[in-house]
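Visitor: What follows is a structure written as structure tokens; I'll ask about it next.
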Amino acid sequence: MENLWQLTKISTGEALGEKQKLPENWGPLFGVAGFVDKLGDLSWLGEDYADKGWFIVGEAPDDIATSTKAELAWELAKKLLLESDWSMLPDVPMLFDSKEQWIAYRRELREIRMQSGFPNEIQWPTIPL
């Protein structure tokens with residue numbers, strides 16, 4: 001069995017993400033040998049990571065899915081945001097009301113993880129016309 005890890009705010013112990021397996025290519029991505037020893041304090045990555053670290057929070061069964069339902073839903077929301085980026089360009093000819101609808105749609109996508117039923121019951125926003 002592999003360990004499950006969770007990104008955590010060190011000072012408060014607050015979980016900052018889902019429990020997950022670590023990708024096998026993290027060491028080469030960071031350019032460090034023995035990178036697992038460096039994950040408990042990410043301050044070496046810069047100021048934005050000064051109070052964050054990855055910690056072991058359990059063991060994953062051998063058959064755990066690589067993507068959780070929450071991760072898949074968030075990936076879809078990001079895809080929809082990317083597909084609607086055009087609506088935020090300043091030179092797109094659009095009425096004020098239409099622009100406001102697109103802004104609201106994109107805000108709802110960004111806040112999808114804040115829904116009380118997430119990820120099991122998601123109210124997806126309607127794409128503006």
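The values are calculated or read from the model by the stated rules, or taken from the named source; none is laboratory data. These numbers come from a predicted model, not from an experiment. Backbone-built Cβ (ideal geometry, glycine too); neighbour counts: all protein chains shown.
Visitor: Residues being out of contact with any Ser or Thr (no Cβ under 9 Å at 6 or more places or on another chain) and either exposed (fewer than 11 other Cβ atoms within 10 Å of the Cβ) or not hydrophobic (A, V, I, L, M, F, W, C) (or both): count how many of those fall in region 72-100.
Guide: 15
Visitor: Scanning region 101-129 for residues that are charged (D, E, K, R) and outside any loop (DSSP other than H, G, I, E, B), which turns out surrounded by the most Cβ atoms within 10 Å (Cβ to Cβ)?
Guide: Per the criteria, the residue is ARG106.
Visitor: Under 6 Å between Cβ atoms, which residue pairs at least 6 apart in sequence (or on different chains) link something in region 64-85 that is within 28 Å of GLU2 (Cβ to Cβ) and in the same structural domain as LYS99 (by TED's automatic domain parsing) with a partner that is modelled with pLDDT of 90 or more and part of a helix (DSSP H, G or I)?
Guide: Qualifying pairs under 6 Å: ALA77/LEU109; ALA77/ILE112.
Visitor: For SER43, indicate whether it is surrounded by 14 or more Cβ atoms within 10 Å (Cβ to Cβ), part of a helix (DSSP H, G or I) and at pLDDT 85 or above.
Guide: No: the conditions fail for SER43.
Visitor: Could you list all residues from region 1-32 that are at pLDDT 80 or above, of a type in the set (Val, Ile, Thr) and either surrounded by 13 or more Cβ atoms within 10 Å (Cβ to Cβ) or not in a loop (DSSP other than H, G, I, E, B) (or both)?
Guide: The answer is THR8, ILE10.
Visitor: While we're here: Return the pair list, or none, for Cβ contacts closer than 8 Å from residues in region 108-129 that are closer than 24 Å to LEU95 by Cβ to residues that are assigned to a loop (DSSP other than H, G, I, E, B) and not basic (Lys, Arg), at least 6 apart or on different chains.
Guide: GLU108/PRO125; LEU109/SER84; LEU109/PRO125; ILE127/SER84
Visitor: I've got another one for you. In region 77-111, which residues are under 20 Å from GLU18 (Cβ atoms) and touching a Pro at 6+ places or on another chain (Cβ under 8 Å)?
Guide: LEU109
Visitor: Here's a follow-up. In region 66-94, how many are among the hydroxyl-bearing types (Ser, Thr, Tyr), under 16 Å from ARG107 (Cβ atoms) and within 18 Å of the chain's Cα centre (by Cα)?
Guide: Counting residues in region 66-94 that are among the hydroxyl-bearing types (Ser, Thr, Tyr), under 16 Å from ARG107 (Cβ atoms) and within 18 Å of the chain's Cα centre (by Cα) gives 0.
Visitor: What do you reckon, is THR126 modelled with pLDDT under 95 and touching a strand residue (DSSP E or B) at 6+ places or on another chain (Cβ under 8 Å)? Give the derivation first.
Guide: Numbers: modelled with pLDDT under 95: yes; touching a strand residue (DSSP E or B) at 6+ places or on another chain (Cβ under 8 Å): no.
No: the conditions fail for THR126.
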